[in-house]
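J.: This is the structure I have questions about; it appears just below.
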Amino acid sequence: MQRNDLNMMTTEVSVSVLSANPLEFGQEIKRIEKSGAEMIHYDVMDGIFVNNITFGMPLLKSIKGKTKCILDVHLMIQEPLKYIDDFADAGADIITFHIESGSDVAETIAAIRRNGVKAAVSIKPNTPAEAVFPYINDVDMVLVMTVEPGFGGQKFMDMSEKISAIRRYAEENRKTSAPLDIQVDGGIDNTTAPVVKKAGANILVSGSYLFRAENMGLAIEYIKGMFAFDLNSFLDSDLNCFVRIFITFLFVFDFN
Ligand code: DX5
Ligand code: ZN
């Protein structure tokens with residue numbers, strides 16, 4: 001896939017259930033699906049890799065089969081390799097783990113693949129793009145964290161250069177025909193989504209912004225950019241040309 005084709009990659013949204021109401025979990029899953037999200041982002045934290053503890057396998061198992069959304073599991077745990085089979089059995093469609101964890105990266109990718117699940121690696125804000133380069137042909141997706149992992153509702157950190165470097169490297173070095181998915185996670189809302197998309201991300205994780213919104217469906221459309229006015233495309237467009245001719249016409253004939 002060439003650089004220009006990036007414009008043809010559609011943006012997908014993965015809703016982080018970390019911000020869902022735990023007492024209404026079943027309803028929240030239905031709400032996400034109805035709102036038009038492609039994926040459900042399931043954050044697993046062990047209190048060791050990050051200072052927080054969240055969900056395990058049983059809850060994931062209870063979601064499986066109840067939704068058409070892709071189950072996108074983000075492991076923020078110290079020993080991901082130990083739990084790959086369990087999360088695959090529980091219904092994960094994509095498993096992402098951190099390069100900074102204690103498990104061997106190549107072995108963990110192989111374990112995910114053995115289970116017939118899509119494999120992804122993630123990097124924290126201080127880890128350089130180059131850390132994922134050796135695995136660019138082995139993974140389906142790279143997750144670039146735009147906050148320090150551990151909690152929802154944090155302030156977005158601009159990782160545009162890192163995202164672009166990974167997109168460029170994948171375009172030049174990936175041997176498979178399938179384009180690399182680049183996911184971002186942390187502080188994504190209607191103002192930060194255009195920044196990460198421009199840099200080359202095509203799957204956006206969002207939690208607090210979407211659950212805070214009065215209308216989740218509309219908020220998803222906002223971050224996908226359906227209603228955004230894209231100034232750059234307008235400046236290149238035929239419509240812009242037409243508007244300029246029209247204004248010149250008004251001046252020339254001085255209708256006032
Ligand atoms: C943070 C988690 C995120 C989190 C994003 O470590 O990995 O998935 O839920 O939440 P927001 O969108 O609120 O930053
Ligand atoms: Zn996450």
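The values are calculated or read from the model by the stated rules, or taken from the named source; none is laboratory data. Computed from a predicted structure; not experimentally measured. As a convention, Cβ positions derive from the backbone with ideal geometry for all residues, glycine included, and neighbour counts pool all protein chains shown. Surface accessibility is based on the protein's heavy atoms, side chains included, excluding ligands, DNA and RNA. Shrake-Rupley method; radii C 1.70, N 1.55, O 1.52, S 1.80 Å.
J.: Note down all Cβ pairs under 8 Å where the first residue falls in the range 12-24 and is open to solvent by 40 Å² or more (accessible area, probe 1.4 Å) and part of a strand (DSSP E or B), the second is within 11 Å of ligand 1 (Cβ to nearest atom) and of a type outside the set (Lys, Arg), and they're at least six residues apart or on different chains.
T.: GLU12/LEU204
J.: Quick one: is GLU33 part of a helix (DSSP H, G or I), touching a Ser or Thr at 6+ places or on another chain (Cβ under 6 Å), more than 16 Å from ligand 1 (Cβ to nearest atom) and closer than 22 Å to GLU214 by Cα? Spell out how you get there, then give the answer.
T.: Values: part of a helix (DSSP H, G or I): yes; touching a Ser or Thr at 6+ places or on another chain (Cβ under 6 Å): yes; more than 16 Å from ligand 1 (Cβ to nearest atom): yes; closer than 22 Å to GLU214 by Cα: yes.
For GLU33, the condition - part of a helix (DSSP H, G or I), touching a Ser or Thr at 6+ places or on another chain (Cβ under 6 Å), more than 16 Å from ligand 1 (Cβ to nearest atom) and closer than 22 Å to GLU214 by Cα - is met.
J.: May I pose another question? Would you pick out the residues in the range 89-114 that are touching a Pro at 6+ places or on another chain (Cβ under 7 Å) and either open to solvent by less than 10 Å² (accessible area, probe 1.4 Å) or among the β-branched types (Val, Ile, Thr) (or both)?
T.: Step one: of the range 89-114, the residues touching a Pro at 6+ places or on another chain (Cβ under 7 Å) are 97, 101, 103, 108.
Passing the criteria: PHE97, THR108.
J.: Continuing with the same structure: Which numbered condition in (1) out of contact with any strand residue (DSSP E or B) (no Cβ under 7 Å at 6 or more places or on another chain); (2) among the polar types (S, T, N, Q); (3) closer than 25 Å to TYR42 by Cβ; (4) more than 16 Å from ligand 1 (Cβ to nearest atom) is the only one that ASN202 fails?
T.: For ASN202, the failing item is (1).
J.: Can you report the number of residues in the range 97-121 which are in contact with a helix residue (DSSP H, G or I) (Cβ under 9 Å, 6 or more places away or on another chain) and outside any loop (DSSP other than H, G, I, E, B)? Reasoning before the result, please.
T.: Residues of the range 97-121 that are in contact with a helix residue (DSSP H, G or I) (Cβ under 9 Å, 6 or more places away or on another chain), as a first pass: 97-109, 111-112, 114-121.
Those left that are additionally outside any loop (DSSP other than H, G, I, E, B): 97-98, 105-109, 111-112, 114, 118-121.
So the count comes out to 14.
J.: Which condition from (1) among the hydrophobic types (A, V, I, L, M, F, W, C); (2) farther than 17 Å from VAL142 by Cβ; (3) open to solvent by 10 Å² or more (accessible area, probe 1.4 Å); (4) within 17 Å of the chain's Cα centre (by Cα) is the one that MET57 breaks?
T.: MET57 satisfies all of (1) among the hydrophobic types (A, V, I, L, M, F, W, C); (2) farther than 17 Å from VAL142 by Cβ; (3) open to solvent by 10 Å² or more (accessible area, probe 1.4 Å); (4) within 17 Å of the chain's Cα centre (by Cα) except (4).
J.: Please work out which residue is nearest to VAL15 (Cα to Cα), limiting yourself to the range 163-216 and to residues that are touching a Ser or Thr at 6+ places or on another chain (Cβ under 7 Å) and among the hydroxyl-bearing types (Ser, Thr, Tyr).
T.: SER206
J.: Something else now. Looking at the range 124-237, what helices (runs of 4 or more DSSP H) fall wholly within it and have at least 3 residues that are exposed (fewer than 14 other Cβ atoms within 10 Å of the Cβ) and of a type in the set (A, V, I, L, M, F, W, C)? Don't jump to the end; show me each part of the working.
T.: Working: elements: 160-173, 193-199, 208-212, 216-224, 231-236.
Because the criterion is at least 3 residues that are exposed (fewer than 14 other Cβ atoms within 10 Å of the Cβ) and of a type in the set (A, V, I, L, M, F, W, C), the helices (runs of 4 or more DSSP H) in the range 124-237 that meet it are 231-236.
J.: Just need a number here: residues in the range 56-87 that are in contact with a helix residue (DSSP H, G or I) (Cβ under 8 Å, 6 or more places away or on another chain), assigned to a loop (DSSP other than H, G, I, E, B) and under 21 Å from SER101 (Cβ atoms).
T.: 1
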